[in-house]
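Accompanying notes for the structure given below.
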Amino acid sequence: MSNKMWGGRFSAGPDAALEAINASIDFDRRFYAQDIRGSQAHVAMLARQGIVTDEDAAAISQGLTEILAEIEDGTFTFQRALEDIHLNIESRLADKIGAPAGRLHTARSRNDQVATDFRLWTRDTVDEIDAALLGLQQALAEKALAHAGTVMPGFTHLQSAQPVTFGHHMLAYVEMVGRDRGRFADARARLNESPLGAAALAGTGFPIDRHMTAGALGFTRPMANSLDAVSSRDFALEVLSAAAIAATHLSRLAEEIVLWTTAQFTFVRLSDRFTTGSSIMPQKKNPDAAELVRGKTGRVIGALVGLLTVIKGLPLAYSKDMQEDKEGTFDALDTLGLCLTAMTGMIADLEPDAAAMKRAAGSGYSTATDLADWLVRELRLPFREAHHVTGRIVARAVETGTSLEELPLADLQAVEPRITAAVFDVLSVEKSIASRTSFGGTAPANVEREARAWLDRLGAKR
């Protein structure tokens with residue numbers, strides 16, 4: 001038999017294959033709260049506009065409230081034959097209140113209904129992700145404050161470059177996560193327009209008040225074009241783009257944690273809470289949480305690429321291809337939320353090995369730039385000449401197997417006779433770091449001040 005909710009045009013039911021590929025209730029049931037919220041706003045507007053009676057509106061609204069309770073307490077029965085969350089709820093409403101349930105769908109379509117649900121759900125989820133990003137920022141800033149003066153090597157090309165502090169390194173991720181939050185906030189502002197009342201694609205002849213429903217649902221305004229309202233999914237693309245960038249930032253930090261916990265680095269330690277063992281090698285303590293954050297980034301990026309591929313060939317207005325917009329979005333945002341929880345826990349949990357990082361910071365002639373700067377500042381050499389002189393001094397240190405700080409003054413003067421013993425004041429990692437006082441630099445005083453400023457801005461309790 002045909003679907004009782006839409007089957008008047010049909011004399012036979014769908015093939016089993018069509019029913020299987022067409023049904024979305026297995027995943028769009030996640031919209032239940034948003035769907036009921038949208039329906040209650042819609043019927044309240046219909047009653048105020050005199051399109052349905054107050055009595056019918058009250059029965060519909062009460063019935064929807066009871067259905068919400070049934071879904072939340074697990075007594076609601078979802079039926080695949082009814083395809084989606086919208087028809088499942090409407091069918092149950094008809095069972096509960098009879099004929100008045102049929103008036104709920106006046107002046108709307110599943111096209112504007114699902115677009116409204118999806119925007120509401122995405123908005124709610126963006127708010128949850130923002131809270132999780134805030135928590136990560138706070139954890140990073142707390143770690144930065146605690147280690148504002150803890151020396152570590154800074155890298156370029158994964159080679160020792162210049163000394164920095166661990167706190168400075170943590171603050172770099174605070175900045176990245178701040179931009180992630182900004183992208184989600186921008187996306188939220190743009191998605192916060194209501195499709196409800198656009199109906200199937202052309203609007204409706206009923207005297208509805210779309211501004212009323214938009215306001216009731218917390219949207220800033222109704223969408224201005226009915227075709228755009230039912231067919232646009234750029235709001236999901238934009239949120240997925242922000243999610244993909246945020247996941248990529250998490251992946252970079254996860255990669256560093258993986259490196260830092262190796263015996264080759266030994267920069268940080270993770271407790272048993274965020275590591276696992278090996279089934280064959282008893283000594284192993286693997287940073288699986290970090291590795292999984294790194295790996296799951298591919299799922300988030302894949303969801304963005306998948307939805308772009310779905311949307312790229314669709315003419316206006318609605319096509320059933322758009323049913324493919326949800327599962328990837330659900331999975332990507334669920335995954336990002338889980339990764340944020342894991343990363344926040346790892347950052348709070350990890351303990352830097354200050355001695356190991358300090359040893360590494362002094363290796364690789366990392367204060368060579370300080371020597372070149374001293375030559376410019378004290379001997380007035382052009383920087384390019386100072387760079388060349390410093391390179392020759394580094395070569396001499398490599399030949400003798402010593403550090404710049406330990407190289408005899410005579411060896412320095414053999415390259416540049418005007419060098420004095422005062423140069424040794426800039427060749428230690430501590431002096432190097434302390435000198436980096438420019439705005440955004442790694443000097444411990446800078447890092448402490450910036451970490452405190454971030455924690456105040458983020459409302460962290462200290």
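The values are calculated or read from the model by the stated rules, or taken from the named source; none is laboratory data. Just so we're clear, the structure is a prediction, and the values are computed from it rather than from any experiment. No Cβ is skipped: glycine too gets one built from the backbone with ideal geometry, and neighbour counts run over all protein chains shown. The protein model used for the area step is the full one, side chains on, heavy atoms only, and it has no ligands, DNA or RNA in it. Shrake-Rupley method; radii C 1.70, N 1.55, O 1.52, S 1.80 Å.
Accessible area ranking (1.4 Å probe, heavy atoms, ligands and nucleic acids excluded), largest first, for His169, His211, His42: His211, His169, His42. Across the accessible surface of the range 163-304, with the other protein chains kept in place and a 1.4 Å probe, carbon and sulfur atoms take up 55 percent.
Fully extending the segment from Arg384 to Ala58 would add 109.3 nm, taking 0.36 nm per residue of separation and subtracting the current Cα-Cα distance.
Subtracting the Cα-Cα distance of Glu406 and Glu324 from their residue separation scaled by 0.36 nm leaves 23.1 nm.
With +1 on each Lys and Arg Cβ and -1 on each Asp and Glu Cβ, how big is the dipole of the range 372-462 about its Cα centre, in debye rounded to the nearest 20? Could the numbers behind the result be given before it?
Details: 13 positive and 13 negative charges, 107 e Å.
With Lys and Arg at +1 and Asp and Glu at -1, about 520 debye.
Of the chymotrypsin sites (Phe, Trp or Tyr not before Pro) found in the range 424-454, those that fall in a DSSP loop while having at most 10 other beta-carbon atoms within 10 Å are Phe439.
When nucleic acids and ligands are ignored and a 1.4 Å probe is applied, Lys431 ends up with an accessible area of around 100 Å². Per-residue SASA remark: Ser160, around 40 Å² accessible (1.4 Å probe; ligands, DNA and RNA not included). Quick check: from the Cα gyration tensor, does the range 61-107 come out rounded (a/c under 1.5), prolate or oblate? Oblate shape, in that a/c is at least 1.5 and b/c is the bigger or equal ratio.
Simple rule: put +1 on each Lys or Arg Cβ and -1 on each Asp or Glu Cβ in the chain, find the dipole, and look at Met322, Ala141, Thr53; the Cα lying farthest toward the positive end is Ala141. Which listed residue (Val394, Met281, Ala200) has the Cα farthest towards the positive end of the charge dipole for the chain, taking +1 on Lys and Arg C-beta and -1 on Asp and Glu C-beta about the Cα centre? The listed residue farthest towards the positive side: Val394.
Extending 7 Å from Cα along the Cβ direction at Thr309 and again at Thr341 yields two label points whose distance is 2.9 nm. Close Lys pairs in the chain, defined as Cα atoms under 20 Å apart and 8 or more places apart or on different chains, number 8.
Express the accessible area of the chain per residue in Å², computed with a 1.4 Å probe while the remaining protein chains stay in the model.
Working: 21440 Å² over 462 residues.
Accessible area per residue, the chain: 46 Å².
In whole percent, how big is the carbon plus sulfur part of the accessible area of the range 343-432, probe 1.4 Å, protein atoms only? Mind showing how you got there, number by number?
Values: 2360 of 4400 Å².
Carbon plus sulfur share of accessible area: 54 percent.
Amide H contacts of Gly154 (H built 1.01 Å from N, in plane; Pro and chain starts excluded): Ala161, Gln162, Val164 sit under 5 Å, all sequence-distant by 5 or more or on other chains. Taking label points 7 Å from Cα along the Cα-to-Cβ direction, Ala421 and Val398 give a separation of 3.0 nm.
For Leu458, the solvent-accessible surface with a 1.4 Å probe is about 20 Å², rounded to the nearest 10. Ranked by the mean number of other Cβ atoms within 10 Å per residue, highest first, peptides 306-316, 102-112 order as 102-112, 306-316. From the square roots a ≥ b ≥ c of the eigenvalues of the alpha-carbon gyration tensor of the range 42-124, which class results: rounded (a/c under 1.5), prolate (a/b over b/c), or oblate? Oblate.
A simple spin-label model places pseudo-atoms 7 Å from Cα toward Cβ; at Ala131 and Thr106 they are separated by 3.8 nm.
Arg457 to Ala16: FRET efficiency via 1/(1 + (r/R0)^6), r the Cβ-Cβ distance, R0 60 Å, to the nearest 0.05? List each step's numbers first, then the result.
On the way: r = 57 Å, r/R0 = 0.95.
My answer for the efficiency is 0.55.
Only one residue of Ala243, Gly182, Gln264 has its Cα farthest out toward the positive end of the dipole of the range 173-293, where Lys and Arg carry +1 and Asp and Glu -1 on Cβ, and that residue is Gln264. For the chain, DSSP calls about 80 percent of its internal beta bridges antiparallel. Taking Cα centre as origin and charging only the Cβ of basic (Lys, Arg, +1) and acidic (Asp, Glu, -1) residues, the dipole magnitude of the range 83-221 rounds to 240 debye.
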